[in-house]
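The values are calculated or read from the model by the stated rules, or taken from the named source; none is laboratory data. The shown structure was predicted, so the numbers you read here are calculated from the model rather than taken from an experiment. Virtual Cβ from ideal backbone geometry, glycine too; neighbours counted across all protein chains shown.
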Ligand SMILES: [Zn+2]
């Protein structure tokens, strides 16, 4: 089931990447550009559900745009090639891929945390929206035990970014966001540290082994003396199990779906990877030595984007 979903996600990416203008899968109406599919990819939600989750109603639906409204805000989602998302008239970025499933339009779930910070205060968007009508698609849930390991902590700050922020703080913030998403989706999460405390590497692995974790994910941020390096890197041990390799591929797919650039999957015998008995992946979320990454890693919006991708990758791997 999970493997199938990863496969579908992978195929979806291939299909998107391979979409030439005039491709058979492309429907053109006006300047519309929507890929048709019989099932929505797992990382997508219908625009109606996006509205529900933001606490907004759909005022206009279809091509070339959807309009979501509440008392304080107006969100426009352009359903065309290179479409944009506008919040109260302000362009906040690309809408990304749009998929038409029997007339219902789907967009990437990552738009949710991207839109939220731009909504006016006092809007109902910050309170959980009621879920009235059953929607045709629900976020995938999973059961299992996942150990999230925020790197460093306490007397070990890790690397310090070119902007002066310690790795230990940034990775704890991202880890907490990952844990919150996973818990909402039915996963039991164990954090190796909840605060700015020092935990030995052996103990981090031991926590995963005692819990018989389905997956151990260590979260770090990178450093390179060459400040041009950017993006995520996924590490597995040299002798990693097939389950570890599969988990790394799920995470890579999720990062690419969220359009987080990166260096892909590499092998290294980090202590936490070789001392864990179950599947284990170490994520370098970006380079603290790169000014752009260093700035992004401090931003709530970017941390949410990373956390959502990491959680999606984990859910697909479970
Ligand atoms: Zn680190």
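Here are some notes:
- Any chance residue 283 is more than 15 Å from the ligand (Cβ to nearest atom) and either under 16 Å from residue 171 (Cα atoms) or modelled with pLDDT of 95 or more (or both): no
- Qualifying residue in the stretch 299-307 (condition: assigned by TED's automatic domain parsing to the domain that holds residue 173, assigned to a helix (DSSP H, G or I) and within 16 Å of residue 189 (Cα to Cα)): yes
- Residue in the stretch 104-120 that is farther than 25 Å from residue 63 by Cα and at pLDDT below 95 present: yes
- In the stretch 75-90, of all residues being at pLDDT 85 or above and surrounded by fewer than 17 Cβ atoms within 10 Å (Cβ to Cβ), the one that is farthest from residue 65 (Cα to Cα) corresponds to 88.
- Residues of the stretch 141-168 that turn out to be away from the ligand (no atom under 16 Å from the Cβ) and touching a residue at least 24 places away in the same chain (Cβ under 8 Å), as a count: 8
- The number of residues in the stretch 193-217 being within 16 Å of the ligand (Cβ to nearest atom) and either surrounded by 20 or more Cβ atoms within 10 Å (Cβ to Cβ) or not assigned by TED's automatic domain parsing to the domain that holds residue 284 (or both) comes to 5.
- Some residue of the stretch 218-235 being away from the ligand (no atom under 14 Å from the Cβ) and assigned to a helix (DSSP H, G or I): no
- Checked across the stretch 260-272, the condition of being under 14 Å from the mean Cα position of the chain (by Cα) and outside any loop (DSSP other than H, G, I, E, B) holds for at least one residue.
- Restricting 239, 243 to residues that are in a loop (DSSP other than H, G, I, E, B) and over 22 Å from residue 173 (Cα atoms) narrows the list to 239.
- Test for residue 159: is it modelled with pLDDT of 95 or more and within 21 Å of the chain's Cα centre (by Cα): no
- Residue match in the stretch 55-74 (condition: within 22 Å of the chain's Cα centre (by Cα) and under 25 Å from residue 256 (Cβ atoms)): no
- Against the numbered list (1) within 15 Å of the ligand (Cβ to nearest atom); (2) under 22 Å from residue 279 (Cβ atoms), residue 183 comes up short only at (1).
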